[in-house]
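The structure under discussion appears below in the form of structure tokens.
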Amino acid sequence: MSNFEKITETPEALGAFLESLTVINSPWEDGFHNAFCGTCGKTDCGICPHQDKRNNPLWWLKLGEKPGEVLGLSIRIKAAFPILWDREYYTVSEKKKETRAPCICCDNTGKVTIKGTEYICPRCRGDWRERETVGEATVYSVAKWVLEKVDTNKYGTMLTFKQTNSTGNYGGSLQIRQADFHDMVGKERIGKPVKLYDNYKEVMGEVKRLNAAEREKHAKNDA
């Protein structure tokens, strides 16, 4: 067996050989800095939690062996909660709903009785309401999202979510920048800030609170 065959027989053998060399600006050190140092906020490298990978050719040689792992690339982000593919997330969705005046002909029944015979109200056509719009109410509901895309460059990471329960033709789109990962407040396509939740009960509680407040507001206006 030649020396080349010996040192390349296994990743461990090649790693041990490379580690024995005195190398300046080695590719495994460059890989270490790209993977861990760029997003590290520590000032003391002596307490690095990845110290076992520093100047470790074997670690570098094995990069890319896991499905979906890109050679030499490692992205680590801190967020308010874990961001995973195929996991469902939630936001509070709102929709404006017109309120119309009650029908003055049928007393909000949709029907009229003429000479003992019941007919559909000729004014509102059974809809109970006038065509005249007298106000507008906001109705809140839960929008559901899944992670669609992750974009990363030297300025940070951007998460893009797509809505799974949209009734529109194009669906919803929500983007959250890395600077907002701490509270997960992003912007929808129309540019309005919206908070992303990972707990359905929590977001449903907020929806119920907002709808109750809206009903109370209109009750006071009608009084």
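The values are calculated or read from the model by the stated rules, or taken from the named source; none is laboratory data. Remember, it's a predicted structure, so these values are computed and weren't measured experimentally. Glycine gets a Cβ as well: all are built from the backbone with ideal geometry, and neighbour counts include every protein chain shown. We work out accessible area using only protein heavy atoms, side chains counted, and drop any ligands, DNA or RNA first. Shrake-Rupley method; radii C 1.70, N 1.55, O 1.52, S 1.80 Å.
Quick notes on this structure:
- So Gly186, is it under 17 Å from Pro82 (Cα atoms), open to solvent by less than 60 Å² (accessible area, probe 1.4 Å) and modelled with pLDDT under 90: yes
- Considering the range 45-81, the residues that are of a type in the set (S, T, N, Q) and at pLDDT 75 or above include one that is least open to solvent (accessible area, probe 1.4 Å), namely Asn56.
- Search result, residues across the range 111-135 that are of a type outside the set (A, V, I, L, M), touching a strand residue (DSSP E or B) at 6+ places or on another chain (Cβ under 7 Å) and modelled with pLDDT of 80 or more: Lys111, Glu118, Tyr119, Cys121
- Selection count where residues are among the polar types (S, T, N, Q), at pLDDT below 90 and under 15 Å from Ile77 (Cβ atoms), scope the range 136-164: 3
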